[in-house]
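Input: a single structure, listed below in structure tokens.
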Amino acid sequence: MRRLCLAIAALIAVPLALPACGQDARTIDLDTFQDKLRGAWAGQMIGVSYGAPYEFRYLGLIMDDPIREWEPGFVDNSIHQDDLYVEMTFLRALELHGLDVTYEQAGQAFADSQYPLWHANYYGRENCRNGIMPPLSGHPEHNAHFDDIDYQIEADFGGIICPGMPHASNAISDIFGHVMNYGDGVYGGMWVAAMYAEAYFEDDVETVVRRGLESIPSDSTYALLIEDVLDYHGAHPQDWRGCWRMLEDQWGDVDVCPDGRDSPFNIDAKLNGGYIAMGLLYGDGDFERTLEVSTRCGQDNDCNPSNAAGILGCTMGYESIPEMYRRNIDDIAGQKFSHTEYSFDSLTEVCTDLAREVLRSQGGRIERRGGAEIWHVPTQAPQPPPLEQYIVADAYADLSVDFTHGEARLSWEPVAHARRYAVLKRKAGQGAWLRAAATEATSWTDTGLEPGTRYEYALSADLAVPGEPRTAVVTGGLVSAEVIDTPTGENLALMEGAWADAAITAPLGSGLKDVEVIRNGVREENYDSFDGADKRYDDWYAIRFPVTVEANRVVYTEGKHFDNGGWWLSLRLEALDAESMEWRTVERATLSPQYDFTDGMHGRDPYTTYTFEFPATEAAGFRIIGEAGGSSTFTSIGELEVYLDASD
């Protein structure tokens, strides 16, 4: 199964078994290894506790407010932090299944966890619970949060158990990173883990950052961002604020997370990874300064100092961490982290045992010398995986089309790293896409369209960075404002040339995937708008026409309900004006039976039919629109019908 999954992901993991190490092996004794291992875990604990009060309070802003004076007892907070206990799920999977753990075993371990999760972790786990196993559980087609910070937060364990062995840390990150992430979301974790691996043998933090970067593709957008930080630091080694401004200007709006689009909130792995690099580089080996810089950068500023302090803690070793920060760790060293069987003390033994397994699998050896245990670690040049990069153009481009006066006027926002754009066009659902235009501008006008014909447009960006740019298809067409002789008593949604449309046309839920099913004459089929995003806009479903029709009744059959959504918190009816192509509320529309707008699943029956009745209205389309309910904010539909009833 592992080979099959690897083929699907088009990613070849580095095999864990390598030839025996030669004379150029690096050596580390057990006491030094365990001191650095404990420093790594302690650094994470201190870092997350240091930044916890400020998490996501500074969005697109430098934190200039005072940081509370550290008290040793603050570290107790780390016992209950997801930054730590989630990665221990993966550590446990390695204990149970060994270094040959499969994607399926990793996914099942995550599916079985019971703690609360968010973003990529949440949807990755939901996918696994629904049979969509890694690497598909983290793929953009199934997880809209694929570039979020999640695996980057949790990747520390994969480097902690791989001293000096970045091939092994990459192989571990390939398996566990693809549970919830893809592309840059995985590369962030690979970079973090590779820095830990190097930290066992390197004291200079800049070297650690650079060596870690060699473990991910140099042409990935993640690597480009970290290179920007390194370049700026090289030119301005004292100006971390200037570096922050550079990142904000060049990368601050590159966030495909549904919650981060068009918002100061940014949970993208790249930007937050830049803050980790800034903490390490501008901290320059000073533990307190590293904590401060990575925290003052804002956004996810408990996770970022946790990663940065963990890497620095591994570099310097537990006993070299300032005593004021580690003083209370001894008091909680036997206490189990939430949702785990691990304590700080037991992690030392567990990680030591796993590191021995990794060492042997990589061709290293262990020597007993005068009562000491000496590890001979094979020298490994970092080896990045093949590039996987998924750049969703519509997340940046916001392609829109205005159909007026015999023309289609397209416009879009700039796509990061785009050199030029190609506009693709076809008659809706008919044949292959044709390239209609190539331009360096962010707008284009298509002239000479045929009234009554529906067109589809898509935008492709030619990127300076290799990737798979795409945008959601924009569908529309010119409509004649002259009202046809509309037949009475017939479902107009089934007339020739009509089509279905929706706010979400690429859903990720368990329902049917073709929006056309909402106008196929079958009420007891389910289409829902679940897409993994927290919708901060109205949800809707529409029936569109190539001509102007007259109607006075719209029938909506609701679909299935789930514990996290499938219903409405508000609902209204709108009609599409054929001349302005604007949606307008249908006046005096009544809904029966009465709809339950409470936010909950209890008492709802699937496939219940509701009817909007209203004075005869001329329109090029009708849609139901409103606020989606449930914790996952989505709605469901079985069928949408449009009628003109004969007047009495």
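Tell me, what is the per residue accessible area of segment 561-638 in Å², probe radius 1.4 Å?
Per-residue value: 47 Å².
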(message) What is the angle, in °, between the Cα long axis of helix 344-361 and the longest principal axis of the Cα atoms in the chain? Nearest 10 is fine, range 0 to 90.
(response) 90 degrees
(request) Identify, among 32, 346, 610, the residue whose Cα sits farthest towards the positive end of the charge dipole of the chain, taking +1 on the Cβ of Lys and Arg and -1 on the Cβ of Asp and Glu, with the dipole about the Cα centre. (result) 32
(message) If a paramagnetic tag sat 7 Å from the Cα of residue 490 along the Cα-Cβ line, which residues of segment 506-534 would have the backbone N under 18 Å from that point?
(response) 519-522
(request) Identify, among 542, 194, 281, the residue whose Cα sits farthest towards the positive end of the charge dipole of the chain, taking +1 on the Cβ of Lys and Arg and -1 on the Cβ of Asp and Glu, with the dipole about the Cα centre. (result) 194
(message) Within segment 172-255, what whole-number % of the accessible surface is contributed by carbon and sulfur, with the 1.4 Å probe and all protein chains included in the calculation?
(response) 41 percent
(request) Run the numbers on the chain and let me know its relative contact order in percent, using alpha-carbon pairs under 8 Å that are six or more apart. (result) 14 percent
(message) Taking the alpha-carbon distance from residue 425 and a cut-off under 25 Å, which lysines remain once sequence neighbours fewer than 8 residues away in the same chain are dropped?
(response) 513
(request) Report which label in (i) 25.3; (ii) 34.7; (iii) 26.7 holds the value of Kirkwood radius over Cα pairs in Å derived from the coordinates of this structure. (result) (iii)
(request) Give me the orientation-averaged projected area of the Cα convex hull of segment 199-260, in nm², one decimal. (result) 5.5 nm²
(request) Compute the Cα gyration tensor for segment 119-262, then decide on rounded, prolate or oblate, letting a ≥ b ≥ c be the square roots of its eigenvalues: rounded whenever a/c is under 1.5, prolate when a/b is larger than b/c in the other cases, and oblate in all that remain. (result) oblate
(message) For residue 336, give me every one of the lysines with a C-alpha distance below 26 angstrom, ignoring sequence neighbours fewer than eight places off in its own chain.
(response) 36
(request) Whenever you get a sec, compute what percent of the accessible area on segment 298-411 sits on carbon and sulfur atoms (1.4 Å probe). (result) 44 percent
(message) Please compute the contact order of segment 509-554 in relative form: average sequence separation of alpha-carbon pairs under 8 Å and at least six residues apart, divided by the residue count, as a percent.
(response) 33 percent
(message) Taking 60 Å as R0, compute the FRET efficiency from the Cβ-Cβ separation of residue 572 and residue 129 and round it to 0.05.
(response) 0.95
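What number comes out for accessible area per residue over segment 67-225 if the probe is 1.4 Å? Units Å², please.
Values: 4110 Å² over 159 residues.
I get 26 Å² per residue for this part.
On the protein heavy atoms, probe 1.4 angstrom, tell me the percent of accessible surface of segment 78-117 carried by carbon and sulfur.
45 percent
Might you report the magnitude of the Cβ-based charge dipole of the chain about its Cα centre, with Lys and Arg at +1 and Asp and Glu at -1, to the nearest 20 debye?
1340 debye
Considering every pair of different Cα atoms, what Kirkwood radius, in Å, is found for segment 205-336? Can you show the working numbers first?
Values: mean 1/r = 0.0645 Å⁻¹.
This gives a value of 15.5 Å.
Leaving ligands and nucleic acids out of the surface, order 348, 590, 608 by accessible area at 1.4 Å, largest first. Mind showing how you got there, number by number?
Details: 348 10, 590 80, 608 35 Å².
My answer, sorted largest first, is 590, 608, 348.
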(request) Rounded to the nearest 10 degrees, what's the angle between the helix 82-97 long axis and the longest principal axis of the chain, both from Cα atoms, 0 to 90? (result) 80 degrees
(request) Classify segment 72-198 as rounded, prolate or oblate, taking a ≥ b ≥ c as the square roots of the eigenvalues of its Cα gyration tensor: rounded when a/c is under 1.5, otherwise prolate if a/b is larger than b/c and oblate if not. (result) rounded
(message) List residues of segment 104-123, by number, whose backbone nitrogen lies under 13 Å from a label position 7 Å along Cα→C-beta of residue 338.
(response) 114-118
(request) Sticking with the crude label model, points 7 Å out along Cα→Cβ, report the distance from residue 594 to residue 204 in nm, one decimal please. (result) 7.5 nm
(request) Mind checking the per residue accessible area of segment 281-361 for me, 1.4 Å probe, whole number of Å²? (result) 33 Å²
(message) Highest mean first, how do 568-579, 625-636 rank when packing is the count of other Cβ atoms within 10 Å averaged over residues?
(response) 625-636, 568-579
(message) With just the Cα atoms defining each centre, how far is segment 280-357 from segment 601-648? Give it in Å.
(response) 54 Å
(request) Assuming R0 = 56 Å, can you tell me the calculated FRET efficiency for the pair residue 27 and residue 141, based on Cβ-Cβ distance, to the nearest 0.05? (result) 0.75
(message) Can you return the aspartates and glutamates within cross-link range of residue 560? Criterion is Cα-Cα under 13 Å, with same-chain partners fewer than 8 residues away left out.
(response) 524, 525, 528, 605, 639
(request) Round to the nearest 10 and give me the degree value, 0 to 90, for the angle of helix 303-316's Cα axis relative to the longest principal axis of the chain. (result) 20 degrees
(message) Place a point 7 Å from Cα of residue 112 in the direction of its Cβ. Which residues in segment 333-368 have their backbone N less than 13 Å from it?
(response) 341
(message) Quick check on segment 561-626: take the gyration tensor over C-alpha atoms, sort the square-rooted eigenvalues as a ≥ b ≥ c, and tell me if it's rounded (a/c under 1.5), prolate or oblate.
(response) prolate
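So, R0 is 41 Å and r is the distance between the beta-carbons of residue 438 and residue 353; what FRET efficiency does that work out to, to 0.05?
Working: r = 58 Å, r/R0 = 1.42.
Result of the calculation: an efficiency of 0.10.
The values are calculated or read from the model by the stated rules, or taken from the named source; none is laboratory data. These figures come from a predicted structure and were not determined experimentally. Every residue, glycine as well, gets a Cβ built from its backbone with ideal geometry; the counts of neighbours run over all protein chains shown. Areas reflect the complete protein model, heavy atoms only, side chains present, ligands, DNA and RNA absent. Shrake-Rupley method; radii C 1.70, N 1.55, O 1.52, S 1.80 Å.
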